[in-house]
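Heads up, the thing below is written out as C-alpha cells.
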Amino acid sequence: MSTDTAVREINGVELPQTGDWVIDPAHSSIEAVARHMVVTKVRGHFEEFSGTVHIDEDPSKSWAEASIKAASINTNAPDRDAHLRSPDFLNADEFPELSFKSTRLSHRSGRRFEVVGDLTIRGATHPVTLDVQFGGVVTDPFGQVKALFSASTKLEREKWGVNWNQALEAGGVLVSKTLDIEVEIQATLQS
C-alpha cells in the first residue's frame, strides 16, 4: 500500500484508510506530567503498552483501545518509580494494567477530533475526553505505512483512587492532583 492510497477524504476531512491500525510501541509514547512541589514538572512515560485504532467506513463508528502495563512507569528515578508502582499510586501488583476504550468520536475541525472513552486505573473506570489530532500517513524507511496521531487530556487522579500526597510547609502539596497526559502514536495498518 502506498501513502497515497492509505488516506481518504470524507466530507472534506482527511482520514486514514479503513481497517485496524496497530500501535507501534517502539515509535509511540504515553506520558504523564505532574507538578512536583507546586512548581516543577516531572515527566513519566510507560515503556510497555499496546493498542489498536480501528477506522470504520463510517468515521463516527471508529474506535480506539489501549492496554498499558502499570509497572512499566519510568520517570528516570528508581525510588520514585517504585513509589509510583506501590499501593500509594498505581498499585501495579494488584492492578497490573491500565486500559482505555473509546466510546464516542466526533470531528472538531480540520484534522482535530474529540474522542471520549473509558479509562480504567486501579480497577476504577471513569470517562475521559481526548483532544486528538490526525497527523497524516507516511511511509517509513522500511516501507511500512504508518498513521500518525497525537492526543492529550487532563486527569484528576483522585477520581481513580490515587490520593496519596504530602502537604508542604510553605503551602501546597508535593504532587499535583491533576496530570497532563500526552500521547504520540505511530500505527501500522494490519492486512
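The values are calculated or read from the model by the stated rules, or taken from the named source; none is laboratory data. For clarity, every value in this text was computed on a predicted model and none was experimentally measured. Counting neighbours? That spans all protein chains shown, and the Cβs are built from the backbone with ideal geometry, glycine included.
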Next on the checklist: Looking at the structure I just gave you, is Val137 farther than 30 Å from Glu94 by Cα, at pLDDT 90 or above and outside any loop (DSSP other than H, G, I, E, B)?
Outcome noted: yes
Checklist entry - Given Val132, Val175, which one is modelled with pLDDT under 90 and out of contact with any Pro (no Cβ under 7 Å at 6 or more places or on another chain)? => result Val175
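Each row is one residue, and each column tells you yes or no for (1) buried (at least 16 other Cβ atoms within 10 Å of the Cβ); (2) under 19 Å from the mean Cα position of the chain (by Cα); (3) more than 16 Å from Glu182 (Cα to Cα).
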residue: Gly12; (1), (2), (3): no, no, yes
residue: Trp21; (1), (2), (3): yes, yes, yes
residue: Phe49; (1), (2), (3): yes, yes, no
residue: Ser60; (1), (2), (3): no, no, yes
residue: Ala66; (1), (2), (3): yes, yes, no
Checklist entry - When you scan the stretch 135-159, how many residues do you find that are out of contact with any Gly (no Cβ under 9 Å at 6 or more places or on another chain) and either farther than 17 Å from Thr188 by Cβ or of a type in the set (Phe, Trp, Tyr) (or both)? => result 10
Item to check | From the options Leu84, Leu148, residue that is modelled with pLDDT of 95 or more and touching a strand residue (DSSP E or B) at 6+ places or on another chain (Cβ under 9 Å) | outcome: Leu148
Checklist entry - What is the residue count in the stretch 68-77 for residues that are more than 20 Å from the chain's Cα centre (by Cα) and under 21 Å from Phe95 (Cβ atoms)? => result 0
Item to check | Test for Ala66: is it in contact with a Phe, Trp or Tyr (Cβ under 9 Å, 6 or more places away or on another chain) and at pLDDT below 95 | outcome: no
Checklist entry - touching a His at 6+ places or on another chain (Cβ under 7 Å) and surrounded by 14 or more Cβ atoms within 10 Å (Cβ to Cβ): does that describe Lys159? => result yes
Checklist entry - Taking into account only those residues within the stretch 133-156 that are more than 17 Å from Gly19 (Cβ to Cβ) and of a type in the set (A, V, I, L, M, F, W, C), which is surrounded by the fewest Cβ atoms within 10 Å (Cβ to Cβ)? => result Phe142
Checklist entry - Is the stretch 130-141 home to any residue that is aromatic (Phe, Trp, Tyr) and in contact (Cβ under 8 Å) with a residue 12 or more places away in the chain? => result yes
Item to check | Failed item in (1) crowded, with 18+ Cβ neighbours inside 10 Å; (2) over 29 Å from Asn163 (Cβ atoms); (3) more than 12 Å from the chain's Cα centre (by Cα), with Gly44 passing the rest | outcome: (2)
